[in-house]
Amino acid sequence: MHHRPAVEIRSLLYSYPDGTLALRGIDLVIEEGESVGIVGPNGAGKSTLLLHLNGILMGKGDVRVFGLPVEKKNLQEIRRRVGLVFQDPDDQLFCPTVFEDVAFGPMNMGLSKKEVSLAVSRALRDVGVAGKERRSAHHLSYGQKKRVSIATVLSMRPDLLVLDEPSSNLDPKSRRELSELLQNMPITKILVTHDLPFVFENCDRVVVLSAGRIAADGAAFDILSDEELLAEYGLELPYGFYPVQRQRSKNHDREM
Amino acid sequence: MRRIQHAFLDEYSDLDSVIHKLDPRAKLIGFVALVVLCVSTPPNLWLAFAVFLALEMTVLFISHVPLRHVLKRMLIVVPFILAVALFIPFFNKGGGSYNLGPLKVSAHGLTILWNVTIKSMVSVFAVILLSSTTPFPDLLHAMEKLKMPRIITTTLSFTYRYVFVLLDELQRMKRARDSRGWSGKWLWQAKVIGHMIGALFLRSYERGERVYAAMLSRGYDGQVQTAYTYRVGVAEIGFLALIVLVPIAVRLSF
(Lines give C-alpha, C1' and ligand atoms only; values in the text may rest on other atoms or scores of the structure.)
Protein backbone atom coordinates (compact mmCIF):
# COMPACT_ATOMS: atom_id res chain seq x y z
CA MET A 1 0.00 0.00 0.00
CA HIS A 2 1.09 3.52 -0.73
CA HIS A 3 2.49 5.22 2.34
CA ARG A 4 0.23 7.99 3.65
CA PRO A 5 1.36 10.29 6.43
CA ALA A 6 -1.27 11.80 8.74
CA VAL A 7 -0.35 15.31 7.63
CA GLU A 8 1.63 16.41 4.61
CA ILE A 9 2.16 20.11 4.03
CA ARG A 10 4.19 21.41 1.08
CA SER A 11 5.28 25.04 0.70
CA LEU A 12 2.19 26.49 2.36
CA LEU A 13 1.77 30.25 2.07
CA TYR A 14 -1.01 32.21 3.68
CA SER A 15 -1.65 35.91 3.99
CA TYR A 16 -4.51 37.47 5.92
CA PRO A 17 -7.06 39.60 4.05
CA ASP A 18 -5.19 42.74 5.16
CA GLY A 19 -2.06 41.47 3.40
CA THR A 20 -0.05 40.35 6.43
CA LEU A 21 1.94 37.28 5.51
CA ALA A 22 1.17 34.77 8.26
CA LEU A 23 2.71 31.60 6.81
CA ARG A 24 5.76 31.96 4.60
CA GLY A 25 6.33 28.52 3.18
CA ILE A 26 5.67 25.67 5.59
CA ASP A 27 6.89 22.13 4.85
CA LEU A 28 5.82 19.60 7.41
CA VAL A 29 5.15 15.87 7.45
CA ILE A 30 3.59 14.21 10.45
CA GLU A 31 3.36 10.43 10.53
CA GLU A 32 0.46 8.47 11.95
CA GLY A 33 0.79 7.83 15.65
CA GLU A 34 3.14 10.74 16.24
CA SER A 35 2.53 13.29 18.95
CA VAL A 36 3.88 16.66 17.87
CA GLY A 37 4.14 19.91 19.80
CA ILE A 38 4.13 23.14 17.83
CA VAL A 39 5.70 25.99 19.78
CA GLY A 40 6.74 29.53 19.05
CA PRO A 41 6.20 33.12 20.12
CA ASN A 42 2.85 34.88 19.80
CA GLY A 43 2.08 35.81 16.22
CA ALA A 44 4.34 33.10 14.79
CA GLY A 45 1.44 31.63 12.84
CA LYS A 46 0.71 28.58 14.99
CA SER A 47 -3.05 28.96 15.13
CA THR A 48 -3.18 29.94 11.46
CA LEU A 49 -1.37 26.73 10.61
CA LEU A 50 -3.87 24.69 12.63
CA LEU A 51 -6.80 26.20 10.77
CA HIS A 52 -5.32 24.85 7.52
CA LEU A 53 -5.47 21.27 8.77
CA ASN A 54 -9.23 21.06 8.33
CA GLY A 55 -9.73 23.66 5.64
CA ILE A 56 -11.14 26.51 7.73
CA LEU A 57 -8.39 28.52 6.07
CA MET A 58 -6.98 27.60 2.69
CA GLY A 59 -3.69 29.12 1.61
CA LYS A 60 -1.42 28.60 -1.34
CA GLY A 61 0.41 25.31 -1.38
CA ASP A 62 -0.49 21.71 -0.81
CA VAL A 63 -2.05 20.34 2.37
CA ARG A 64 -2.96 16.69 2.62
CA VAL A 65 -4.54 14.90 5.54
CA PHE A 66 -4.37 11.10 5.46
CA GLY A 67 -3.65 11.44 1.76
CA LEU A 68 -6.73 13.57 1.07
CA PRO A 69 -6.01 17.00 -0.40
CA VAL A 70 -7.66 19.70 1.70
CA GLU A 71 -10.14 21.04 -0.82
CA LYS A 72 -13.83 21.66 -0.91
CA LYS A 73 -14.99 18.23 -2.00
CA ASN A 74 -13.07 16.50 0.80
CA LEU A 75 -13.94 18.88 3.62
CA GLN A 76 -16.71 16.81 5.21
CA GLU A 77 -14.49 13.72 5.33
CA ILE A 78 -11.46 15.70 6.53
CA ARG A 79 -13.41 17.45 9.28
CA ARG A 80 -14.56 14.11 10.56
CA ARG A 81 -11.03 12.74 10.66
CA VAL A 82 -9.39 15.87 12.09
CA GLY A 83 -10.67 16.80 15.53
CA LEU A 84 -9.77 20.44 16.04
CA VAL A 85 -10.29 21.80 19.55
CA PHE A 86 -10.18 25.56 19.95
CA GLN A 87 -8.45 27.30 22.83
CA ASP A 88 -11.47 28.89 24.50
CA PRO A 89 -14.09 26.34 25.62
CA ASP A 90 -16.70 29.07 25.34
CA ASP A 91 -16.06 29.02 21.59
CA GLN A 92 -15.96 25.25 21.34
CA LEU A 93 -19.12 24.72 23.38
CA PHE A 94 -21.93 26.70 21.77
CA CYS A 95 -25.01 24.59 22.48
CA PRO A 96 -27.49 24.93 25.36
CA THR A 97 -26.44 21.60 26.87
CA VAL A 98 -23.31 19.45 27.05
CA PHE A 99 -25.15 16.61 25.31
CA GLU A 100 -26.00 18.73 22.29
CA ASP A 101 -22.45 20.01 22.03
CA VAL A 102 -20.95 16.55 22.02
CA ALA A 103 -23.70 15.34 19.68
CA PHE A 104 -23.17 18.20 17.22
CA GLY A 105 -20.38 16.54 15.22
CA PRO A 106 -21.95 13.06 15.05
CA MET A 107 -25.28 14.61 14.00
CA ASN A 108 -23.55 16.43 11.17
CA MET A 109 -22.00 13.14 10.15
CA GLY A 110 -25.53 11.87 9.67
CA LEU A 111 -25.47 9.15 12.32
CA SER A 112 -28.76 7.79 13.60
CA LYS A 113 -30.11 9.05 16.92
CA LYS A 114 -29.12 5.84 18.63
CA GLU A 115 -25.58 5.96 17.30
CA VAL A 116 -25.30 9.61 18.30
CA SER A 117 -26.36 8.85 21.89
CA LEU A 118 -23.83 6.05 22.05
CA ALA A 119 -21.06 8.23 20.64
CA VAL A 120 -21.87 10.97 23.14
CA SER A 121 -21.85 8.70 26.18
CA ARG A 122 -18.64 7.06 25.05
CA ALA A 123 -16.87 10.38 24.46
CA LEU A 124 -17.99 11.85 27.78
CA ARG A 125 -16.93 8.70 29.59
CA ASP A 126 -13.53 8.77 27.88
CA VAL A 127 -12.83 12.28 29.12
CA GLY A 128 -14.25 11.52 32.57
CA VAL A 129 -17.30 13.79 32.67
CA ALA A 130 -20.07 11.22 32.26
CA GLY A 131 -23.36 12.30 33.79
CA LYS A 132 -23.09 15.99 32.86
CA GLU A 133 -25.13 15.59 29.66
CA ARG A 134 -27.99 17.84 30.70
CA ARG A 135 -25.83 20.61 32.14
CA SER A 136 -25.15 23.92 30.50
CA ALA A 137 -21.47 24.42 29.67
CA HIS A 138 -21.66 27.72 31.53
CA HIS A 139 -21.96 25.85 34.81
CA LEU A 140 -18.99 23.54 34.43
CA SER A 141 -15.59 24.19 35.97
CA TYR A 142 -12.91 25.31 33.55
CA GLY A 143 -11.21 21.91 33.66
CA GLN A 144 -14.50 20.18 32.89
CA LYS A 145 -15.16 22.59 30.02
CA LYS A 146 -11.79 21.66 28.51
CA ARG A 147 -12.60 17.97 28.83
CA VAL A 148 -16.03 18.40 27.27
CA SER A 149 -14.38 20.40 24.47
CA ILE A 150 -12.20 17.40 23.72
CA ALA A 151 -15.24 15.11 23.95
CA THR A 152 -16.98 17.19 21.26
CA VAL A 153 -14.42 15.96 18.73
CA LEU A 154 -13.78 12.50 20.22
CA SER A 155 -17.45 11.72 19.55
CA MET A 156 -16.63 11.97 15.83
CA ARG A 157 -13.92 9.32 16.24
CA PRO A 158 -11.16 11.42 14.70
CA ASP A 159 -7.87 9.98 13.51
CA LEU A 160 -5.97 13.16 14.29
CA LEU A 161 -6.49 15.28 17.38
CA VAL A 162 -5.45 18.92 17.09
CA LEU A 163 -5.43 21.00 20.27
CA ASP A 164 -4.90 24.75 20.47
CA GLU A 165 -3.41 25.75 23.84
CA PRO A 166 -4.87 22.77 25.69
CA SER A 167 -3.26 23.56 29.05
CA SER A 168 -3.87 27.31 29.18
CA ASN A 169 -5.78 28.61 32.22
CA LEU A 170 -5.91 25.18 33.82
CA ASP A 171 -5.03 24.77 37.47
CA PRO A 172 -2.16 22.32 38.14
CA LYS A 173 -4.42 19.41 38.99
CA SER A 174 -6.63 19.81 35.92
CA ARG A 175 -3.50 20.25 33.83
CA ARG A 176 -2.07 16.98 35.09
CA GLU A 177 -5.39 15.20 34.52
CA LEU A 178 -5.53 16.54 30.97
CA SER A 179 -2.01 15.30 30.40
CA GLU A 180 -2.94 11.82 31.61
CA LEU A 181 -6.02 11.87 29.42
CA LEU A 182 -3.95 12.70 26.34
CA GLN A 183 -1.36 10.06 27.06
CA ASN A 184 -4.06 7.44 27.20
CA MET A 185 -5.32 8.33 23.74
CA PRO A 186 -3.44 6.35 21.15
CA ILE A 187 -4.13 8.59 18.13
CA THR A 188 -2.04 11.10 16.23
CA LYS A 189 -1.87 14.37 18.14
CA ILE A 190 -0.81 17.91 17.38
CA LEU A 191 -0.54 20.35 20.28
CA VAL A 192 0.00 24.07 19.93
CA THR A 193 1.12 25.64 23.17
CA HIS A 194 3.49 27.89 25.12
CA ASP A 195 3.60 25.36 27.91
CA LEU A 196 6.95 23.68 27.21
CA PRO A 197 6.87 21.20 30.11
CA PHE A 198 3.45 20.10 28.87
CA VAL A 199 4.94 19.53 25.42
CA PHE A 200 7.85 17.63 26.91
CA GLU A 201 5.43 15.41 28.79
CA ASN A 202 3.11 14.71 25.87
CA CYS A 203 5.09 14.96 22.65
CA ASP A 204 7.92 13.01 21.08
CA ARG A 205 8.60 15.69 18.54
CA VAL A 206 8.69 19.48 18.64
CA VAL A 207 8.33 21.96 15.80
CA VAL A 208 9.40 25.55 16.43
CA LEU A 209 7.51 28.09 14.39
CA SER A 210 8.73 31.64 14.03
CA ALA A 211 7.49 34.44 11.81
CA GLY A 212 5.55 32.05 9.59
CA ARG A 213 8.41 29.62 9.04
CA ILE A 214 9.58 26.41 10.64
CA ALA A 215 12.68 27.35 12.58
CA ALA A 216 13.46 23.97 14.06
CA ASP A 217 12.03 20.47 13.99
CA GLY A 218 13.32 17.58 16.03
CA ALA A 219 13.00 15.24 18.98
CA ALA A 220 11.35 16.92 21.97
CA PHE A 221 14.37 16.33 24.20
CA ASP A 222 16.87 17.74 21.70
CA ILE A 223 14.90 20.91 21.08
CA LEU A 224 13.88 21.60 24.66
CA SER A 225 17.37 21.10 26.02
CA ASP A 226 18.88 23.46 23.45
CA GLU A 227 18.79 26.69 25.45
CA GLU A 228 20.37 28.76 22.73
CA LEU A 229 17.80 27.71 20.17
CA LEU A 230 14.93 28.35 22.55
CA ALA A 231 16.26 31.79 23.49
CA GLU A 232 16.61 32.73 19.83
CA TYR A 233 12.89 32.19 19.31
CA GLY A 234 11.65 33.82 22.48
CA LEU A 235 10.97 30.54 24.27
CA GLU A 236 12.00 29.87 27.84
CA LEU A 237 11.73 26.91 30.12
CA PRO A 238 10.11 27.64 33.49
CA TYR A 239 12.48 28.20 36.38
CA GLY A 240 13.62 24.93 37.85
CA PHE A 241 12.59 22.77 34.90
CA TYR A 242 15.47 20.72 33.50
CA PRO A 243 14.72 18.42 30.58
CA VAL A 244 17.81 16.31 31.27
CA GLN A 245 16.58 15.45 34.72
CA ARG A 246 13.08 14.76 33.43
CA GLN A 247 14.40 12.55 30.65
CA ARG A 248 16.25 10.47 33.23
CA SER A 249 13.13 9.97 35.31
CA LYS A 250 11.14 9.24 32.16
CA ASN A 251 13.63 6.52 31.19
CA HIS A 252 13.63 5.29 34.74
CA ASP A 253 9.83 4.93 34.62
CA ARG A 254 10.06 3.00 31.40
CA GLU A 255 12.60 0.54 32.80
CA MET A 256 10.45 -0.20 35.81
CA MET B 1 -19.42 37.78 44.07
CA ARG B 2 -22.92 36.84 43.03
CA ARG B 3 -22.98 35.26 39.64
CA ILE B 4 -26.17 35.28 37.69
CA GLN B 5 -26.91 31.72 36.75
CA HIS B 6 -28.97 30.10 34.08
CA ALA B 7 -31.21 28.86 36.83
CA PHE B 8 -32.61 32.35 36.96
CA LEU B 9 -34.32 31.67 33.64
CA ASP B 10 -35.80 28.30 34.45
CA GLU B 11 -35.57 27.88 38.21
CA TYR B 12 -37.28 24.73 39.57
CA SER B 13 -37.37 23.24 36.07
CA ASP B 14 -35.22 20.37 37.34
CA LEU B 15 -37.83 19.10 39.79
CA ASP B 16 -39.25 15.66 39.19
CA SER B 17 -43.04 15.90 39.08
CA VAL B 18 -45.62 14.56 36.65
CA ILE B 19 -45.80 18.00 35.05
CA HIS B 20 -42.01 18.22 34.69
CA LYS B 21 -41.92 14.85 32.97
CA LEU B 22 -44.48 15.80 30.34
CA ASP B 23 -43.44 16.16 26.70
CA PRO B 24 -42.34 19.81 26.42
CA ARG B 25 -44.43 20.15 23.25
CA ALA B 26 -47.60 19.37 25.22
CA LYS B 27 -46.69 21.99 27.80
CA LEU B 28 -45.86 24.60 25.18
CA ILE B 29 -49.11 24.03 23.30
CA GLY B 30 -51.17 23.76 26.48
CA PHE B 31 -49.96 26.95 28.12
CA VAL B 32 -50.02 28.98 24.91
CA ALA B 33 -53.59 27.79 24.28
CA LEU B 34 -54.54 28.77 27.81
CA VAL B 35 -53.12 32.26 27.27
CA VAL B 36 -55.00 32.67 23.97
CA LEU B 37 -58.27 31.45 25.50
CA CYS B 38 -57.88 33.74 28.48
CA VAL B 39 -57.02 36.81 26.43
CA SER B 40 -60.02 36.26 24.17
CA THR B 41 -62.48 35.93 27.05
CA PRO B 42 -64.85 38.90 27.57
CA PRO B 43 -63.98 40.65 30.83
CA ASN B 44 -67.43 40.19 32.40
CA LEU B 45 -67.17 36.38 32.51
CA TRP B 46 -65.85 36.41 36.07
CA LEU B 47 -66.29 32.72 36.56
CA ALA B 48 -64.15 31.90 33.51
CA PHE B 49 -61.18 33.72 35.01
CA ALA B 50 -61.73 31.94 38.29
CA VAL B 51 -61.56 28.65 36.39
CA PHE B 52 -58.33 29.68 34.62
CA LEU B 53 -56.70 30.56 37.91
CA ALA B 54 -57.97 27.36 39.51
CA LEU B 55 -56.48 25.34 36.66
CA GLU B 56 -53.15 27.06 37.07
CA MET B 57 -53.18 26.53 40.81
CA THR B 58 -53.90 22.84 40.20
CA VAL B 59 -50.94 22.51 37.84
CA LEU B 60 -48.79 24.43 40.31
CA PHE B 61 -49.84 22.09 43.09
CA ILE B 62 -49.06 18.95 41.07
CA SER B 63 -45.71 20.34 39.95
CA HIS B 64 -44.45 21.08 43.49
CA VAL B 65 -43.18 24.47 42.38
CA PRO B 66 -43.55 26.74 45.43
CA LEU B 67 -46.29 29.37 45.16
CA ARG B 68 -43.84 31.92 46.60
CA HIS B 69 -41.66 31.55 43.51
CA VAL B 70 -44.60 32.25 41.19
CA LEU B 71 -45.71 35.28 43.19
CA LYS B 72 -42.17 36.66 43.24
CA ARG B 73 -41.90 36.36 39.48
CA MET B 74 -45.34 37.87 38.99
CA LEU B 75 -44.27 40.90 41.00
CA ILE B 76 -41.76 41.71 38.26
CA VAL B 77 -44.57 42.43 35.77
CA VAL B 78 -46.95 44.16 38.14
CA PRO B 79 -45.36 47.62 37.77
CA PHE B 80 -45.81 47.44 34.00
CA ILE B 81 -49.50 46.61 34.32
CA LEU B 82 -50.02 49.39 36.83
CA ALA B 83 -48.14 51.92 34.74
CA VAL B 84 -50.37 51.18 31.78
CA ALA B 85 -53.76 50.51 33.30
CA LEU B 86 -54.02 52.17 36.70
CA PHE B 87 -54.94 55.60 35.36
CA ILE B 88 -57.51 54.47 32.85
CA PRO B 89 -60.50 54.55 35.29
CA PHE B 90 -59.74 58.20 36.03
CA PHE B 91 -59.52 59.36 32.44
CA ASN B 92 -62.02 57.14 30.69
CA LYS B 93 -65.46 58.72 30.42
CA GLY B 94 -67.61 55.77 29.33
CA GLY B 95 -70.44 53.97 31.11
CA GLY B 96 -71.49 55.92 34.20
CA SER B 97 -69.22 56.93 37.02
CA TYR B 98 -68.63 56.66 40.75
CA ASN B 99 -67.41 59.43 42.98
CA LEU B 100 -64.27 58.66 44.88
CA GLY B 101 -63.79 61.73 47.00
CA PRO B 102 -62.71 64.51 44.66
CA LEU B 103 -62.03 62.01 41.86
CA LYS B 104 -64.46 60.53 39.38
CA VAL B 105 -64.01 56.90 38.39
CA SER B 106 -65.69 55.63 35.25
CA ALA B 107 -67.29 52.19 35.23
CA HIS B 108 -66.02 51.49 31.74
CA GLY B 109 -62.52 52.41 32.82
CA LEU B 110 -62.73 50.07 35.81
CA THR B 111 -63.68 47.24 33.48
CA ILE B 112 -60.63 47.94 31.35
CA LEU B 113 -58.40 47.94 34.45
CA TRP B 114 -59.86 44.63 35.58
CA ASN B 115 -59.56 43.22 32.07
CA VAL B 116 -55.89 44.13 31.70
CA THR B 117 -54.97 43.05 35.21
CA ILE B 118 -56.65 39.65 35.31
CA LYS B 119 -55.60 38.69 31.80
CA SER B 120 -51.98 39.63 32.32
CA MET B 121 -51.96 37.82 35.66
CA VAL B 122 -53.37 34.61 34.19
CA SER B 123 -51.01 34.82 31.20
CA VAL B 124 -47.90 35.55 33.24
CA PHE B 125 -48.84 32.76 35.62
CA ALA B 126 -49.04 30.40 32.63
CA VAL B 127 -45.63 31.47 31.31
CA ILE B 128 -44.05 31.11 34.76
CA LEU B 129 -45.55 27.62 35.06
CA LEU B 130 -44.13 26.71 31.65
CA SER B 131 -40.65 28.01 32.41
CA SER B 132 -40.45 26.54 35.89
CA THR B 133 -41.53 23.07 34.78
CA THR B 134 -39.52 22.88 31.53
CA PRO B 135 -35.76 23.36 31.20
CA PHE B 136 -35.04 25.99 28.56
CA PRO B 137 -33.14 23.62 26.22
CA ASP B 138 -36.18 21.29 26.20
CA LEU B 139 -38.39 24.22 25.35
CA LEU B 140 -36.13 24.98 22.39
CA HIS B 141 -36.43 21.40 21.14
CA ALA B 142 -40.19 21.60 21.50
CA MET B 143 -40.24 24.75 19.37
CA GLU B 144 -38.07 23.04 16.75
CA LYS B 145 -40.32 20.00 16.70
CA LEU B 146 -43.34 22.27 16.33
CA LYS B 147 -41.73 23.74 13.19
CA MET B 148 -40.91 27.14 14.55
CA PRO B 149 -38.53 28.77 12.05
CA ARG B 150 -34.97 27.53 12.55
CA ILE B 151 -33.57 31.04 12.55
CA ILE B 152 -35.59 31.89 15.66
CA THR B 153 -34.81 28.73 17.61
CA THR B 154 -31.11 28.96 16.72
CA THR B 155 -30.97 32.60 17.77
CA LEU B 156 -32.68 31.76 21.06
CA SER B 157 -30.30 28.89 21.59
CA PHE B 158 -27.19 31.06 21.11
CA THR B 159 -28.71 33.77 23.28
CA TYR B 160 -29.27 31.25 26.05
CA ARG B 161 -25.71 29.95 25.73
CA TYR B 162 -23.92 33.29 25.53
CA VAL B 163 -25.95 35.83 27.48
CA PHE B 164 -24.12 35.03 30.70
CA VAL B 165 -20.76 34.74 28.97
CA LEU B 166 -21.31 38.31 27.77
CA LEU B 167 -22.50 39.50 31.16
CA ASP B 168 -19.37 38.02 32.75
CA GLU B 169 -17.27 39.81 30.16
CA LEU B 170 -19.05 43.08 30.87
CA GLN B 171 -18.54 42.58 34.59
CA ARG B 172 -14.79 42.08 34.09
CA MET B 173 -14.59 45.23 31.99
CA LYS B 174 -16.45 47.21 34.65
CA ARG B 175 -14.07 45.98 37.32
CA ALA B 176 -11.05 46.90 35.24
CA ARG B 177 -12.57 50.33 34.69
CA ASP B 178 -13.43 50.93 38.34
CA SER B 179 -10.04 49.64 39.48
CA ARG B 180 -8.50 52.56 37.65
CA GLY B 181 -10.53 55.12 39.50
CA TRP B 182 -13.52 55.60 37.24
CA SER B 183 -16.11 57.46 39.26
CA GLY B 184 -18.81 58.28 36.74
CA LYS B 185 -18.92 61.83 38.04
CA TRP B 186 -17.42 63.70 35.14
CA LEU B 187 -18.95 64.24 31.77
CA TRP B 188 -15.84 63.11 29.91
CA GLN B 189 -16.12 59.79 31.70
CA ALA B 190 -19.33 59.13 29.82
CA LYS B 191 -17.18 58.52 26.77
CA VAL B 192 -15.76 55.45 28.52
CA ILE B 193 -19.20 53.83 28.43
CA GLY B 194 -19.21 54.24 24.67
CA HIS B 195 -15.79 52.61 24.47
CA MET B 196 -17.00 49.71 26.58
CA ILE B 197 -20.03 49.14 24.40
CA GLY B 198 -17.79 49.23 21.35
CA ALA B 199 -15.32 46.81 22.91
CA LEU B 200 -18.10 44.44 23.91
CA PHE B 201 -19.49 44.54 20.40
CA LEU B 202 -16.08 43.80 18.88
CA ARG B 203 -15.42 40.96 21.29
CA SER B 204 -18.80 39.43 20.54
CA TYR B 205 -18.23 39.76 16.84
CA GLU B 206 -14.87 38.04 17.10
CA ARG B 207 -16.35 35.35 19.30
CA GLY B 208 -19.02 34.83 16.68
CA GLU B 209 -16.33 34.19 14.10
CA ARG B 210 -14.51 31.73 16.34
CA VAL B 211 -17.73 29.90 17.21
CA TYR B 212 -18.56 29.63 13.53
CA ALA B 213 -15.10 28.17 12.85
CA ALA B 214 -15.69 25.68 15.66
CA MET B 215 -19.03 24.74 14.08
CA LEU B 216 -17.48 24.27 10.65
CA SER B 217 -14.71 22.17 12.19
CA ARG B 218 -17.30 19.70 13.34
CA GLY B 219 -18.91 19.36 9.95
CA TYR B 220 -21.59 22.05 10.17
CA ASP B 221 -23.15 22.56 6.74
CA GLY B 222 -25.97 24.98 7.52
CA GLN B 223 -28.38 22.33 8.73
CA VAL B 224 -28.86 21.98 12.46
CA GLN B 225 -29.90 18.49 13.47
CA THR B 226 -31.42 17.50 16.75
CA ALA B 227 -31.16 14.16 18.46
CA TYR B 228 -34.24 14.34 20.59
CA THR B 229 -37.22 12.07 20.53
CA TYR B 230 -40.37 12.79 22.46
CA ARG B 231 -43.36 10.63 23.06
CA VAL B 232 -46.94 11.71 23.48
CA GLY B 233 -48.69 9.39 25.94
CA VAL B 234 -51.61 9.29 28.33
CA ALA B 235 -50.10 11.93 30.62
CA GLU B 236 -49.73 14.40 27.77
CA ILE B 237 -53.28 13.86 26.56
CA GLY B 238 -54.60 14.21 30.10
CA PHE B 239 -52.66 17.40 30.60
CA LEU B 240 -53.85 18.92 27.33
CA ALA B 241 -57.44 17.95 28.11
CA LEU B 242 -57.19 19.69 31.45
CA ILE B 243 -55.46 22.82 30.29
CA VAL B 244 -57.18 23.30 26.91
CA LEU B 245 -60.53 21.50 26.96
CA VAL B 246 -61.68 22.69 30.38
CA PRO B 247 -61.28 26.40 29.47
CA ILE B 248 -63.02 25.78 26.13
CA ALA B 249 -65.90 24.06 27.91
CA VAL B 250 -66.15 26.94 30.36
CA ARG B 251 -66.21 29.44 27.52
CA LEU B 252 -68.89 27.55 25.62
CA SER B 253 -71.12 27.15 28.64
CA PHE B 254 -71.73 30.90 28.94
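The values are calculated or read from the model by the stated rules, or taken from the named source; none is laboratory data. As the structure is a computational prediction, the values presented were derived from the model and not from experiment. Backbone-built Cβ (ideal geometry, glycine too); neighbour counts: all protein chains shown. Quick note on the areas: whole protein, heavy atoms, side chains included, nothing else; ligands and nucleic acids left out. Shrake-Rupley method; radii C 1.70, N 1.55, O 1.52, S 1.80 Å.
Heavy-atom accessible surface of the protein assembly as shown, averaged per residue, reaches 52 Å², computed with a 1.4 Å probe.
Buried between A and B is an accessible area of approximately 2900 Å², summed over both sides with a 1.4 Å probe.
Given a 1.4 Å probe and every protein chain left where it sits, what share in percent of the accessible area of chain B is carbon and sulfur? Of all accessible area on chain B, carbon and sulfur atoms account for 70 percent.
Summary of packing: across the peptides B:30-39, A:232-241, B:178-187, the per-residue average of other C-beta atoms within 10 Å ranks them, highest first, as B:30-39, A:232-241, B:178-187.
Note on chain A: antiparallel DSSP beta bridges, both residues inside, total approximately 55 percent of the bridges counted. To the nearest 10, the accessible area of residue B:131 is 30 Å² with a 1.4 Å probe.
Magnitude of the charge dipole for chain B, about its Cα centre and with charges confined to Cβ atoms of Lys, Arg (+1) and Asp, Glu (-1), is about 860 debye. The distance linking region B:35-72 with region B:189-249 is 28 Å (Cα centroid to Cα centroid, whole angstrom). If you run the Gaussian network model on chain A, springs between alpha carbon atoms under 10 Å, then out of A:157, A:122, A:79 the most flexible one is A:122. The angle between the Cα long axis of helix B:107-133 and the main principal axis of chain B comes to about 50°, on a 0 to 90 degree scale. Neighbouring Cβ atoms from other chains, within 10 Å of the Cβ of residues in A:70-77, number 1 on average.
Selection among A:169, A:188, A:139 by position relative to the dipole of region A:122-256 gives A:139 as farthest towards the positive end (Cβ unit charges, Cα centre).
Shown for region A:5-233: lysine pairs separated by 8 or more places, or found on different chains, whose C-alpha atoms are under 27 Å apart, numbering 28. Using just its DSSP H runs of length 4 or more, each adding -39500 (n - 2.57), chain B gives a mean residue ellipticity at 222 nm of -22500 deg cm²/dmol after division by all residues. Within the accessible surface of chain A, defined with a 1.4 Å probe on protein heavy atoms only, the carbon and sulfur portion equals 48 percent. Averaged over the residues of B:131-143, the number of partner chain Cβ atoms lying within 10 Å of the residue Cβ comes to 2.
Specify, per residue and in Å³, the volume enclosed by the convex hull of the alpha carbon atoms belonging to chain A. Don't skip to the answer; put the middle values down first.
Working: hull volume 39.0 nm³, N = 256.
It comes to 152 Å³ per residue, whole-number rounded.
Given +1 at the Cβ of Lys and Arg, -1 at the Cβ of Asp and Glu and no other charges, the dipole of region A:76-187 around its Cα centre is 400 debye to the nearest 20. Between the helical axis of B:46-63 and the longest alpha-carbon principal axis of chain B there is an angle of about 50 degrees. Pairwise Cα distances in the protein assembly as shown exceed 44 Å in 33 percent of cases.
Remark: the protein assembly as shown carries a charge dipole of roughly 2160 debye about the Cα centre, counting +1 on each Lys and Arg Cβ and -1 on each Asp and Glu Cβ. Of the residues B:181, B:114, B:53, the one whose Cα sits farthest toward the positive end of the charge dipole of chain B, with +1 on the Cβ of Lys and Arg and -1 on the Cβ of Asp and Glu, is B:181. Partner shielding of B:203-215 amounts to 4, given as the average count of beta-carbon atoms from other chains within 10 Å of each residue beta-carbon. Note on residue B:185: lysines with a C-alpha under 19 Å away, same-chain residues under 8 apart excluded, are B:174. Largest GNM mean-square fluctuation among A:227, A:100, A:165, using chain A with Cα springs under 10 Å: A:227. Projected onto their three principal axes, the Cα atoms of region B:18-252 cover extents of 61, 57, 30 Å, largest first.
Against the globular-protein guess of 2.2 N^0.38 Å, express the Cα radius of gyration of region B:1-135 as a ratio, rounded to two decimals.
Numbers: Rg = 17.8 Å, N = 135, 2.2 N^0.38 = 14.2 Å.
After normalising by residue count via 2.2 N^0.38 Å, the value is 1.25.
Peptides A:58-65, B:229-236, B:13-20, B:212-219 ranked from most to least packed, by the mean per-residue count of other Cβ atoms within 10 Å: B:212-219, A:58-65, B:13-20, B:229-236. Cross-link partners of residue B:27 among lysines, defined as those whose alpha carbon lies under 17 angstrom from its own and excluding same-chain residues fewer than eight positions apart: B:145, B:147. Simple rule: put +1 on each Lys or Arg Cβ and -1 on each Asp or Glu Cβ in region A:5-233, find the dipole, and look at A:123, A:223, A:207; the Cα lying farthest toward the positive end is A:123.
Applying the criteria of a DSSP loop state and at most 15 other Cβ atoms within 10 Å to the chymotrypsin sites (Phe, Trp or Tyr not before Pro) of region B:54-141 yields B:87.
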